[in-house]
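Just below is one structure, and these are the notes that go with it.
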Amino acid sequence: FFRALCLCHTVQVKDDDSVDGLKKNQLSRRSCIYISSSPDEVALVEGIQRLGYTYLRLKDNFMEILNQENNRFELLEVLSFDSVRRRMSVIVKSSTGDIFLFCKGADSSIFPRVKEGKIDQIRSRVERNAVEGLRTLCVAYKKLTAEEYSNAQKLLQNAKLALQDREKKLAEVYEKIERDFILLGATAVEDRLQEKAADTIEALQKAGIKVWVLTGDKMETAAATCYACKLFRRNTQILELTTKKIEEQSLHDVLFDLSKTVLRHSGSLTRDTFSGLSTDMQDYGLIIDGAALSLIMKPRQDGSSSNYRELFLEICRNCSAVLCCRMAPLQKAQIVKLIKLSKEHPITLAIGDGANDVSMILEAHVGIGIIGKEGRQAARNSDYAIPKFKHLKKMLLVHGHFYYVRISELVQYFFYKNVCFIFPQFLYQFFCGFSQQTLYDTAYLTLYNISFTSLPILLYGLMEQHVSADTLKREPSLYRDVAKNALLRWRAFIYWTFLGVFDAVVFFFGAYFLFENTIVTSNGQMFGNWTFGTLVFTVLVFTVTLKLALDTHYWTWINHFMIWGSLVFYIIFSLLWGGIIWPFLNYQRMYYVFMQMLSSGPAWLGIILLITVSLLPDVLKKVLCRQLWPTATERIQNASRHCQEHISEFTPLACLKSPRYRSSDCSSSPARRSNSHSKKMMFTHWRGVDYSVLPSVFGYSNKHCRSSAGYHYSGSGLETSV
């Protein structure tokens, strides 16, 4: 058994003490470093080394082993591992001339090819290790005669030299050689979860993101891992769609039984439309293996796609989590493609750390690779690469949230400010005899999008934070406010379009009716064509800039400099452009126009009045929506303001999330407080509901300090200092 583990691998030995910059020799205190594409192989070789069997090196096609005495084995053939066979083998020749074939692989691929050994004892041990969450491998061997090896060598040589269907022919030869084994034993390797992996998955589920696990591990191992990472909970009812159940019943019956079980409750439960979590805590978790998935994805004999796919997707929609085990890499990609092409057309994200995850990463809309012990293949084929799984939480819930808000505002603001810019020019054509006379001066036409309004929105797209990063990490549910492209839907687009048209009409007709047939200068002169256009343009620049200032929540000195600096730059440019005789211009139509406009009192009044009227609908909409139909993000913003103004450090956060957290007499609470009273509070958690009892000296009503589990997600993450 030890000899098999020392020989059946593809580990390379490195004498240098630095691998990828890490001084492993100082940590492990070994004389050699083992490198392999699979960390499991390294773990097995290092484990056997502790038991007295040390793999030294592969030199001149001879594998050297150090135990009680030095042994040399000639490496004859390597039958490489692949995800379909789920095993690998080596053929070696000992110093005595005996030829052995050592094989290790998944229990599902080894046990059917074994003819003798302690099969039942090893199988029960493998199942016990799998339930404990360990990754198991079975080890077997057989002794080859010279004639059997000669025949096997010829078959391998012919398959390797084949010009067509080489992989298929090699697989057939491997199948002929790898049979009639003697079972030696099994190994179990602990594959620990990365730190904060469970917290990350829990946060993603609270954010409304459905999490599926696609793995090649054994079902028991994968299920134990899912419980450890909180994908499955203690109250989760597990539904199995595995080969074992399909053997007992037909696939049709199993699918319809699962469908009845899930859909029977879906009508009575208030199920979350995003994450599938129900409010009365009855959740389902589906486990499916690769063989069952193959039957579901298999097309009918008439060539049409199977209707089992839709039934399978319907079951998955009503499950809070799905575990796909014993998956080949191509099956992982099939699952992702199946979800992508479903009727909801969801956005899919695949994250993996090994070469077997590459096909899944490439198939998803967004691919993320983890740089770890499994190599760099996943990271090289991904859109983003991260060092730890826990970074996915900040990447999605913080940076993803921020940049979606920024990009959606940037796109719609650009459309809005150009509607405001062009629509008055369109209206002007009805009053100039369709002569193609421009309303604005050519300098204003050129610099509007280049200088006057470009920098504020550019800075907004880089720096805006409508809530703090800590709040987004602490409250994953805020991600639901931007889910399903909420800020770039038709409703939001129509609102921005309406606002742009309304403002443009106010700019043009407001200036037109205010100064029609009216003497507006001190010497009795009327405004001319260019003065009218300059007035409209001035109102336009100030309105669109102040609109962005109203939408900005995160103010820094750079924001102030860009927003107010853009307005100051416009005024300075207009004064220079209209106050100097430019020798290189053949005409001076804007000479003294801007200063003449500013010398008029009615012009000042008109500018202020038109800016106010233009911004009024947006201000009213923000106030009414925030008070009557606030989103979760706006509730957090309001709570943070109230927290800074009124709430003491003893107030539980559960109270802050409720819009009615203060009693009617809370306004008089500061006067009722007294330093002579000790500030005490009782904060309890019972059946998913947070209660707090505040003394009367605080002026808060106890009946209002209660938070619903449905809204606060079972009180998870609510903390207060006591």
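The values are calculated or read from the model by the stated rules, or taken from the named source; none is laboratory data. Note that the structure is predicted; figures quoted are calculated from it, not measured. FYI the Cβ positions are ideal-geometry reconstructions off the backbone, even for glycines, and counts take in every protein chain you see. These area figures cover heavy atoms from the full protein model, side chains too; ligands, DNA and RNA do not enter into them. Shrake-Rupley method; radii C 1.70, N 1.55, O 1.52, S 1.80 Å.
Does any residue of the stretch 276-288 turn out to be assigned to a strand (DSSP E or B) and modelled with pLDDT under 85? Even if it seems obvious, please write down each step before you answer.
Step one: of the stretch 276-288, the residues assigned to a strand (DSSP E or B) are 278, 283-288.
From what is left, the residues that are modelled with pLDDT under 85 are 278, 283.
Yes.
Return yes when PHE426 is surrounded by fewer than 20 Cβ atoms within 10 Å (Cβ to Cβ) and closer than 15 Å to LEU458 by Cβ and no when it is not.
On the way: surrounded by fewer than 20 Cβ atoms within 10 Å (Cβ to Cβ): yes; closer than 15 Å to LEU458 by Cβ: no.
It is false that PHE426 is surrounded by fewer than 20 Cβ atoms within 10 Å (Cβ to Cβ) and closer than 15 Å to LEU458 by Cβ.
Do we find that ARG480 is part of a helix (DSSP H, G or I) and in contact with a helix residue (DSSP H, G or I) (Cβ under 9 Å, 6 or more places away or on another chain) in this structure? Walk me through it before giving the result.
Details: part of a helix (DSSP H, G or I): yes; in contact with a helix residue (DSSP H, G or I) (Cβ under 9 Å, 6 or more places away or on another chain): yes.
Taking the combined requirement at face value, the residue satisfies it.
Check the stretch 547-557 and report whether any residue there is open to solvent by 40 Å² or more (accessible area, probe 1.4 Å) and without any contact (Cβ under 8 Å) to a residue 24 or more places away in the chain.
Step one: of the stretch 547-557, the residues open to solvent by 40 Å² or more (accessible area, probe 1.4 Å) are 550, 553-555, 557.
Those still in the list that are without any contact (Cβ under 8 Å) to a residue 24 or more places away in the chain too: 555, 557.
Yes; the residues of the stretch 547-557 include at least one that is open to solvent by 40 Å² or more (accessible area, probe 1.4 Å) and without any contact (Cβ under 8 Å) to a residue 24 or more places away in the chain.
Give me the pairs: first residue in the stretch 95-110 and touching a residue at least 24 places away in the same chain (Cβ under 8 Å) and under 17 Å from VAL78 (Cβ atoms), second residue outside any strand (DSSP E or B) and aromatic (Phe, Trp, Tyr), beta-carbon distance under 7 Å, and six or more apart or on different chains, which are they?
These pairs meet every condition: ILE99/TYR149.
When the stretch 57-94 is examined, which residues are found to be among the small types (Gly, Ala, Ser), open to solvent by less than 60 Å² (accessible area, probe 1.4 Å) and under 20 Å from TYR174 (Cα atoms)?
The first filter runs over the stretch 57-94 and keeps only residues among the small types (Gly, Ala, Ser), leaving 80, 83, 89, 94.
With the extra rule that they be open to solvent by less than 60 Å² (accessible area, probe 1.4 Å), the set shrinks to 83, 89, 94.
Answer for the stretch 57-94, where residues must be among the small types (Gly, Ala, Ser), open to solvent by less than 60 Å² (accessible area, probe 1.4 Å) and under 20 Å from TYR174 (Cα atoms): SER83, SER89.
Kindly provide the set of residues from the stretch 26-56 that are modelled with pLDDT under 80, open to solvent by 50 Å² or more (accessible area, probe 1.4 Å) and in a helix (DSSP H, G or I), ordered by number.
Correct list: GLN26, LEU27.
Among the residues of the stretch 345-365, is any over 23 Å from ARG87 (Cβ atoms), part of a helix (DSSP H, G or I) and open to solvent by 70 Å² or more (accessible area, probe 1.4 Å)? I'd like the intermediate steps shown before the answer.
Taking the stretch 345-365 and keeping what is over 23 Å from ARG87 (Cβ atoms), we get 345-351, 361-365.
This time we only want the ones that are part of a helix (DSSP H, G or I), so: 361-363.
In the following step, the residues that additionally are open to solvent by 70 Å² or more (accessible area, probe 1.4 Å) were identified as 362.
Among the residues of the stretch 345-365, at least one is over 23 Å from ARG87 (Cβ atoms), part of a helix (DSSP H, G or I) and open to solvent by 70 Å² or more (accessible area, probe 1.4 Å), which makes the answer yes.
Which strands (runs of 3 or more DSSP E) sit wholly inside the stretch 129-243 and have at least 3 residues that are over 23 Å from the mean Cα position of the chain (by Cα) and not assigned by the TED database to the domain that holds LYS260? Outline the logic, then answer.
On the way: elements: 134-144, 181-190, 211-214, 236-241.
Where strands (runs of 3 or more DSSP E) fall fully within the stretch 129-243 and carry at least 3 residues being over 23 Å from the mean Cα position of the chain (by Cα) and not assigned by the TED database to the domain that holds LYS260, they are 134-144, 181-190.
Hey, among VAL520, VAL505, which residue is modelled with pLDDT of 90 or more and either under 23 Å from LYS417 (Cα atoms) or of a type in the set (Val, Ile, Thr) (or both)?
Working: VAL520 fails: modelled with pLDDT of 90 or more.
Going through VAL520, VAL505 in turn, the sole match is VAL505.
Here is a list: LEU462, LEU458. Which entry is assigned by the TED database to the domain that holds TYR570, touching a Lys or Arg at 6+ places or on another chain (Cβ under 9 Å) and either part of a helix (DSSP H, G or I) or among the hydroxyl-bearing types (Ser, Thr, Tyr) (or both)? Don't jump to the end; show me each part of the working.
Values: LEU458 fails: touching a Lys or Arg at 6+ places or on another chain (Cβ under 9 Å).
Exactly one of LEU462, LEU458 is assigned by the TED database to the domain that holds TYR570, touching a Lys or Arg at 6+ places or on another chain (Cβ under 9 Å) and either part of a helix (DSSP H, G or I) or among the hydroxyl-bearing types (Ser, Thr, Tyr) (or both), namely LEU462.
Does ALA188 satisfy the criteria of being over 29 Å from VAL322 (Cα atoms) and in contact (Cβ under 8 Å) with a residue 24 or more places away in the chain?
Details: over 29 Å from VAL322 (Cα atoms): no; in contact (Cβ under 8 Å) with a residue 24 or more places away in the chain: yes.
Considered against the rule, which asks whether it is over 29 Å from VAL322 (Cα atoms) and in contact (Cβ under 8 Å) with a residue 24 or more places away in the chain, ALA188 comes out as no.
Are there any pairs with C-beta distances below 7 angstrom linking a residue in the stretch 435-460 that is crowded, with 18+ Cβ neighbours inside 10 Å to a residue that is in a loop (DSSP other than H, G, I, E, B), with the two at least 6 apart or on different chains, and if so which?
Going by the 7 Å Cβ cut-off, the qualifying pairs are ASP441/MET590; TYR460/THR552.
Which condition does LEU193 not pass, out of (1) more than 25 Å from VAL45 (Cβ to Cβ); (2) open to solvent by 30 Å² or more (accessible area, probe 1.4 Å); (3) out of contact with any strand residue (DSSP E or B) (no Cβ under 7 Å at 6 or more places or on another chain); (4) hydrophobic (A, V, I, L, M, F, W, C), if it passes all the others?
(1) is the only condition that LEU193 fails.
Hey, does the stretch 407-422 have a residue that's surrounded by fewer than 18 Cβ atoms within 10 Å (Cβ to Cβ), assigned to a helix (DSSP H, G or I), more than 19 Å from the chain's Cα centre (by Cα) and among the aromatic types (Phe, Trp, Tyr)?
Yes.
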